[in-house]
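S.K.: Below is one structure. I have some questions about it.
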Amino acid sequence: MTCQSLVLTRKTNVLFVRSFTILVLIWIVMKPEVCFSSVLSSLKALHLQGYITFENNEFASRDFGNQIHSHPLAVVHPKSVTDISEIVTHVWQMGPASELTVAARGHGHSLQGQAQARGGVVINMESLLQDQEMQVYYRGVQFPYVDVSAGELWINILHETLKYGLAPKSWTDYLHLTVGGTLSNAGISGQAFRHGPQISNVRQLEVVTGKGEVLICSQEQNADLFHAVLGGLGQFGIITRARILLERAPKMVKWIRVLYSDFSTFARDQERLISASKTFDYIEGLVIKNKTGLLNNWRTSFDPQDPVQASHFVSDGRTLYCLELTKNLYPEKFDTVNQEIEDLLSQLSYIPSTLFMSEVPYIDFLDRVHASEQILRSKGLWDLPHPWLNLLVPKSKIQHFANEVFGNILSDTNNGPVLVYPIHKSKVDNRTSFVCPDEDIIYLVAFLSHANPSSNGTDSLQHVLTQNKRILDFCEVSHLGVKQYLPHYTTQEQWRTHFGPKWEVFVQRKSVYDPLAMLAPGQNIFQKGVSVS
């Protein structure tokens, strides 16, 4: 071969290599776009009774916490459970190579983006209401119940069941939440000491698993799935319908507030009340720190038992503990209920001058937070960031926790309420996915802060986040055995620690019901395409 031919051959080879390299690079750049286009086309080709939107989906990238904003690729507005099954089945059949994930969104009250799906599919569960009617059953059944869509708000369930003189047994403090959302966590409020959380008052569920299967589950049928999804943070399936137990509802309640200046006395009285056979129907506590004119604020809705004594009470700069109680009023007990309340209160060691009482309709008491919401909305303060921190503290550690957190770390409670009240662990079925400390009595401690707009330039959100971190660091260093309620972690190792002995069961259930780890990606427990371990 001549030198000229050799040079020509080399140039040809170099040109070929360069051309091939350019083609490869073009393919690498174009492949995501090709894949993206393919995914879009496949979603658009689905035949749903409802519809899918690919634009103007900003609402699905926001939540009540207003800290995490993850924009989805698409939002499904299902008209039926079949729609949900079809979309989940479609994503399941795309296999592990697809990065597409699916999140169910209720009324958008997650705190850390738990119902969001970055670049994935969000299912708008409230769209189901168009096709699913609420049904109340009270004749010819052992226990009355209501069948509801998972996208239904608890406030609407209350309105409907009250028509029959009935109501669910267990509540959350805020009723404008969806059934599927609270059952995926637990649903805890001041009735939990008696009836347990909302997950303890469900008879049956309809669930779409991570494979797209639609299954009915209960204690007797598909029991493992039933227990998995209750408190399961959306990891094992999408709850689409629930059967909720009901009880007789009162028309009115006695609503009582008293104050304590000593935490140990306050806690002792709460524990006495939740363990007594005859007691109140709702028991919650609040921490009040550095609030002024407290009792004067109460006077708008409550009457003091002793107005003269109450007028001399000063709350300024103090750390106080409020015990909030209700007693249901039924016609056959009108003659005796006041004496019952007096007998119960006589056993407590609250500050005598701080006894305030009111008589209100049952629905007004249960929906009390909504009134505050309307005020905050009118002032443009409802959509602020809400860096809430909810903890479950063992009874044996609550005094130590209170001394440090309420005494030192917490500066005031002016940016939102701080709840603290005990419940019985025995009221929670240990077979569910819900995790709490392993003691007979546990305390829910909820720091329900909002980040106020600051006039002096300080970062209110950062202040609350720093305070939350100090609380969590203290709990960890002091080995208090605290668990997060509505938990948020960033690594799987942290989740493993959170679930403790339940982790292996949690992982095993995940591998059965959502083996591709495509559901509820916003929880950050598992990652699609990464083996569940």
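The values are calculated or read from the model by the stated rules, or taken from the named source; none is laboratory data. Keep in mind the model is a prediction, meaning the values are calculated, not measured. Glycine also receives a Cβ, built like all others from the backbone with ideal geometry; neighbour counts cover every protein chain displayed. These area figures cover heavy atoms from the full protein model, side chains too; ligands, DNA and RNA do not enter into them. Shrake-Rupley method; radii C 1.70, N 1.55, O 1.52, S 1.80 Å.
S.K.: Looking only at segment 248-293, count every residue that is touching a residue at least 12 places away in the same chain (Cβ under 8 Å), outside any helix (DSSP H, G or I) and hydroxyl-bearing (Ser, Thr, Tyr) and tell me the total.
M.R.: 5
S.K.: Let me ask something else about it. Collect the residues in segment 294-319 that are assigned to a helix (DSSP H, G or I) and either open to solvent by 80 Å² or more (accessible area, probe 1.4 Å) or farther than 19 Å from residue 342 by Cα (or both), keeping them in residue-number order.
M.R.: If the condition is that a residue be assigned to a helix (DSSP H, G or I) and either open to solvent by 80 Å² or more (accessible area, probe 1.4 Å) or farther than 19 Å from residue 342 by Cα (or both), then 294, 295, 296, 297, 298, 308, 309, 311 are the ones that fit.
S.K.: Residue 479 versus (1) under 30 Å from residue 315 (Cα atoms); (2) free of Cβ contacts under 8 Å to residues at least 12 places away in the same chain: which is the lone unmet condition?
M.R.: For residue 479, the failing item is (1).
S.K.: Same structure, new question: Residue 104 fails exactly one of the following numbered conditions: (1) touching a Lys or Arg at 6+ places or on another chain (Cβ under 7 Å); (2) of a type in the set (A, V, I, L, M); (3) open to solvent by 30 Å² or more (accessible area, probe 1.4 Å). What is the number of that condition?
M.R.: Condition (1) is where residue 104 drops out.
S.K.: Same structure, new question: So, in segment 41-85, how many residues would count as being acidic (Asp, Glu), surrounded by fewer than 20 Cβ atoms within 10 Å (Cβ to Cβ) and touching a residue at least 12 places away in the same chain (Cβ under 8 Å)?
M.R.: Of the residues in segment 41-85, 1 are acidic (Asp, Glu), surrounded by fewer than 20 Cβ atoms within 10 Å (Cβ to Cβ) and touching a residue at least 12 places away in the same chain (Cβ under 8 Å).
S.K.: Condition test on residue 449, is it open to solvent by less than 70 Å² (accessible area, probe 1.4 Å) and either in a loop (DSSP other than H, G, I, E, B) or in contact with a His (Cβ under 6 Å, 6 or more places away or on another chain) (or both)? Lay out the reasoning, then the answer.
M.R.: Numbers: open to solvent by less than 70 Å² (accessible area, probe 1.4 Å): yes; either in a loop (DSSP other than H, G, I, E, B) or in contact with a His (Cβ under 6 Å, 6 or more places away or on another chain) (or both): yes.
Yes: the conditions hold for residue 449.
S.K.: List every residue pair whose Cβ atoms sit under 8 Å apart, with the two residues 6 or more apart in sequence or on different chains, where the first one lies in segment 88-110 and is within 20 Å of residue 215 (Cβ to Cβ) and the second, anywhere, is of a type in the set (Lys, Arg) and open to solvent by 30 Å² or more (accessible area, probe 1.4 Å).
M.R.: Sorted first by the residue in segment 88-110, then by its partner, the pairs are 88/211; 89/211; 92/211.
S.K.: If a residue must be outside any loop (DSSP other than H, G, I, E, B), closer than 14 Å to residue 178 by Cα and of a type outside the set (Val, Ile, Thr), how many such residues does segment 136-150 contain? Let's see the steps before the verdict.
M.R.: The first filter runs over segment 136-150 and keeps only residues outside any loop (DSSP other than H, G, I, E, B), leaving 136-137, 145-149.
Those left that are additionally closer than 14 Å to residue 178 by Cα: 147-149.
With the extra rule that they be of a type outside the set (Val, Ile, Thr), the set shrinks to 147, 149.
So the count comes out to 2.
S.K.: Another question, if that's okay. So which residues in segment 120-146 are of a type outside the set (A, V, I, L, M, F, W, C), farther than 30 Å from residue 94 by Cβ, surrounded by fewer than 22 Cβ atoms within 10 Å (Cβ to Cβ) and in contact with a strand residue (DSSP E or B) (Cβ under 9 Å, 6 or more places away or on another chain), if there are any at all?
M.R.: Residues satisfying the conditions are 133, 135, 137, 138, 144.
S.K.: Which of the residues belonging to segment 226-257 are in contact with a Gly (Cβ under 7 Å, 6 or more places away or on another chain) and of a type in the set (A, V, I, L, M)?
M.R.: Once the filter is applied, which keeps residues that are in contact with a Gly (Cβ under 7 Å, 6 or more places away or on another chain) and of a type in the set (A, V, I, L, M), segment 226-257 yields 229, 239, 249.
S.K.: Scan segment 407-437 for residues that are polar (S, T, N, Q), open to solvent by 30 Å² or more (accessible area, probe 1.4 Å) and either part of a loop (DSSP other than H, G, I, E, B) or in contact with an Asp or Glu (Cβ under 6 Å, 6 or more places away or on another chain) (or both) and jot them down.
M.R.: 411, 414, 415, 430
S.K.: Go through segment 372-387 and give me each residue that's surrounded by fewer than 20 Cβ atoms within 10 Å (Cβ to Cβ) and either under 20 Å from residue 424 (Cβ atoms) or under 20 Å from the mean Cα position of the chain (by Cα) (or both).
M.R.: Within segment 372-387, 372, 373, 382, 383, 384, 385 meet the criteria.
S.K.: Which number in (1) under 25 Å from residue 158 (Cβ atoms); (2) touching a residue at least 40 places away in the same chain (Cβ under 8 Å); (3) in a helix (DSSP H, G or I); (4) aliphatic (A, V, I, L, M) marks the one condition that residue 344 misses?
M.R.: The single condition residue 344 does not satisfy is (1).
S.K.: Give me the helices (runs of 4 or more DSSP H) completely within segment 175-245, filtered to those with at least 2 residues that are buried (at least 24 other Cβ atoms within 10 Å of the Cβ) and not aliphatic (A, V, I, L, M), ordered by residue number.
M.R.: Filter on segment 175-245 gives 179-183.
Residue by residue, here is whether (1) of a type in the set (A, V, I, L, M); (2) buried (at least 19 other Cβ atoms within 10 Å of the Cβ); (3) closer than 16 Å to residue 249 by Cβ holds:
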| position | (1), (2), (3) |
| --- | --- |
| 321 | no, yes, no |
| 326 | no, yes, yes |
| 330 | no, no, yes |
| 335 | no, no, no |
| 343 | no, no, no |
| 351 | yes, no, no |
| 366 | yes, yes, yes |
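S.K.: All but one of (1) part of a helix (DSSP H, G or I); (2) loosely packed, with under 15 Cβ neighbours inside 10 Å hold for residue 479, so report the exception by its number.
M.R.: (1)
S.K.: Scan segment 372-379 and tell me whether some residue there is touching a Ser or Thr at 6+ places or on another chain (Cβ under 8 Å) and under 25 Å from residue 189 (Cβ atoms).
M.R.: Among the residues of segment 372-379, not one is touching a Ser or Thr at 6+ places or on another chain (Cβ under 8 Å) and under 25 Å from residue 189 (Cβ atoms), which makes the answer no.
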